[in-house]
Amino acid sequence: MQTPRVAGASARVWLPQPRSWPWQSITVEELAGAAYAPSEDAREGNTLLHAELPTDGGWHTLTQRYRVTRHPVRVTVPTADASLPADVQRYLAADSLVPVDGPEVEQVAAAARGAAHSAEAARRVYDHMLATFSYDGRGCTLSRVGELGDLRRMCDAGAGTCTEWHALFVGAMRHLGIPARLRFGFNVPDKPQGTVAGYHCWAEVHVGGTWLPVDVSEAKKRPHDADWLFGGLDPHRVEFVVGVDIRLGDEVAEKPIFPVVRCAAGATALEVDFSFESTQARPLGVSSSTHAEAAPRRTPVLPAGMTADEVVDAVSKRYSEVAQRPDGSYGFRVGRPFAEALGYPGEVLDQLPPSVWEAFTGVATPAFDAQVLPGETVVDLGCGGGLDLALLGMMVGPRGRAIGIDFAPGMVERARRNAALLGLPQVEVREASAARTGLPDATADWVVANGILNLSPSKAEILREVTRILKPGGTFLLAETTLTEEISPETVSSPDDWFR
């Protein structure tokens with residue numbers, strides 16, 4: 001930014017700083033160009049970096065660099081109302097960007113007439129807006145910031161940016177007595193690096209005791225994802241700010257997604273560049289031309305007196321029992337505390353019904369390590385109750401496929417229930433062996449396995465099956481525990497030893 005040349009004066013600037021949420025973790029890598037003092041917005045908890053710049057007539061470059069890990073979000077759409085907590089009732093009032101009455105808001109809110117509960121009302125307004133308005137592709141750029149949010153113009157023209165779309169949606173919700181708020185950030189395209197010209201915003205509506213994410217303008221651009229974007233967010237965004245009318249000391253900023261500058265000494269010039277670079281490469285792939293049988297074979301050490309088929313049957317029965325009674329004692333860890341110990345973020349697990357994680361077993365977090373893209377096909381070998389499978393299903397989105405394979409009937413039943421509960425039609429669960437999935441050749445962009453290889457006496461067969469079902473250049477991501485020395489037959493004397 002360029003400050004005016006005025007002796008003895010200064011320009012004050014506030015920069016929004018992203019913070020960690022369930023769907024994004026933030027690490028600061030660089031803050032340069034000024035001495036920053038963090039300040040927190042007491043209303044929403046937003047963090048803004050405040051700096052004082054000299055009015056020397058020169059250009060000042062302020063740099064923020066962050067490492068961001070992003071996750072998809074999927075919230076089950078409630079089917080009944082709940083009492084409103086006191087701390088969300090403030091989201092029923094108007095603010096500088098969101099009116100709660102007037103012809104524009106009232107006309108859209110009328111679409112909810114006859115809804116049985118708040119979530120249904122929100123969906124009716126969502127569908128009405130998709131059928132009524134067009135998207136203004138000029139975007140939410142810095143040069144247009146003064147004109148963004150004009151709902152009358154949107155309704156007259158029949159088109160608007162994400163700002164108008166979501167201000168109107170939130171206004172209609174509040175008019176109906178349903179708390180709602182705006183969230184601001186930037187969409188990140190699916191490419192290794194680039195720049196983003198303007199911000200993106202979306203909405204949250206409080207229904208059935210939970211905050212439900214809604215991105216109606218993005219659904220207008222991607223109609224095939226409309227069901228997903230009512231209750232779900234793809235990971236291709238970075239959030240900076242919650243809400244509008246953010247207090248900066250004694251002042252209020254309406255849209256602090258861009259830097260806010262105050263300079264009594266004269267006008268300032270401001271330029272903003274938002275750039276990104278993907279910093280995590282895909283894991284080394286196993287292509288369809290790889291031959292698993294090239295590795296030397298070893299005879300598996302089986303429990304005394306048991307055949308390989310009997311071991312497989314014992315594993316299937318044991319994990320079906322876990323699916324039905326996850327709170328039992330099994331000689332290995334099960335459930336949420338174990339998942340969090342391995343690195344599954346508690347904030348992500350909070351968004352999932354307990355049935356998704358309460359029967360979890362595994363050895364690591366491959367769903368978070370896989371760089372799965374929307375529209376791809378991923379196969380989860382040994383999907384169990386479906387925690388990784390659900391996360392992968394959210395990543396591939398409605399245009400992709402997430403196929404779970406498990407040979408334990410109890411786990412298959414649980415995983416299917418969880419996929420239905422989460423509203424993930426792109427998730428399919430098959431009862432089959434990891435060595436004989438029944439899938440066509442070259443099905444998968446990704447094959448993921450979380451701790452199943454050691455449970456199988458037929459490891460080479462599983463690796464051959466992975467090779468067969470992977471597309472050329474596809475990726476096999478295996479999480480497994482390994483031995484540092486050979487084991488003797490005496491250490492595997494009973495079926496229980498097989499699970500250690």
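Apply the Kirkwood formula to the range 11-110: the hydrodynamic radius equals the inverse of the mean of 1/r over all pairs of different alpha-carbon atoms; give it in Å with one decimal.
17.9
Rounded to the nearest whole Å², what accessible area per residue is found for the chain with the 1.4 Å probe?
44
Could you tell me the accessible area of T361 in Å² (1.4 Å probe, neighbours in place), rounded to the nearest ten?
40
Rounded, prolate or oblate, given the Cα gyration tensor of the range 177-261, with a/c below 1.5 counting as rounded?
Verdict is oblate for the range 177-261.
Out of residues 5 or more away from Y199 or on other chains, whose amide H comes under 5 Å of its own, with H placed 1.01 Å from N in the peptide plane?
Placed amide hydrogens put C140 under 5 Å from Y199.
For helix 409-421, what angle does its Cα long axis make with the longest principal axis of the chain, in degrees from 0 to 90 and rounded to 10?
10
State the percent of C-alpha pairs, over all pairs in the range 353-440, separated by a distance greater than 20 angstrom.
Result: 25 percent of Cα pairs exceed 20 Å.
Quick one: which of 439-452, 403-416, 6-19 comes out on top by average Cβ neighbours within 10 Å, and what's the full order, highest first?
Taking the mean over residues of other Cβ atoms within 10 Å, the ranking is 403-416, 439-452, 6-19.
Mind pulling the angle between the C-alpha long axis of helix 162-175 and the longest principal axis of the chain? Nearest 10 degrees, somewhere in 0 to 90.
That works out to roughly 90 degrees.
If packing is taken as the mean number of other Cβ atoms within 10 Å per residue, what is the order of 89-100, 383-394, highest first?
Sorting 89-100, 383-394 by mean packing, highest first, produces 383-394, 89-100.
Report the rotationally averaged projected area of the chain based on its alpha-carbon convex hull, in square nanometres.
26.8
Amide H of D380: which non-local residues (sequence gap of 5 or more, or other chain) have their own amide H closer than 5 Å, using H built in the peptide plane?
I403, G404, I405, V448
Given the DSSP H assignment, sum -39500 (n - 2.57) over each helix run of at least 4 residues in the chain and divide by its residue total; what's the result at 222 nm in deg cm²/dmol, nearest 500?
That calculation yields -7000 deg cm²/dmol at 222 nm.
Using a 10 Å cut-off on Cβ atoms, rank the peptides 184-193, 428-437 from the highest mean neighbour count down.
Highest-to-lowest ranking by the protection proxy: 428-437, 184-193.
Report, to the nearest 10°, how far helix 308-324 tilts away from the longest principal axis of the Cα atoms in the chain, using its own Cα long axis and a range of 0 to 90°.
40
Once you have all Cα-Cα distances for the range 109-241, histogram them in 5 Å bins from zero and send the whole-percent values.
2, 11, 21, 25, 21, 13, 6, 2, 1, 0
Probe radius 1.4 Å, ligands and nucleic acids ignored: give me the carbon and sulfur share of the accessible area of the range 76-161 as a rounded percent.
Result for the range 76-161: 49 percent of the exposed heavy-atom area is carbon or sulfur.
The values are calculated or read from the model by the stated rules, or taken from the named source; none is laboratory data. What you see is a predicted model, and the numbers here were worked out from it, not measured in a lab. As a convention, Cβ positions derive from the backbone with ideal geometry for all residues, glycine included, and neighbour counts pool all protein chains shown. Accessible surface is based on the protein model in full, side chains and every heavy atom, while ligands, DNA and RNA are left aside. Shrake-Rupley method; radii C 1.70, N 1.55, O 1.52, S 1.80 Å.
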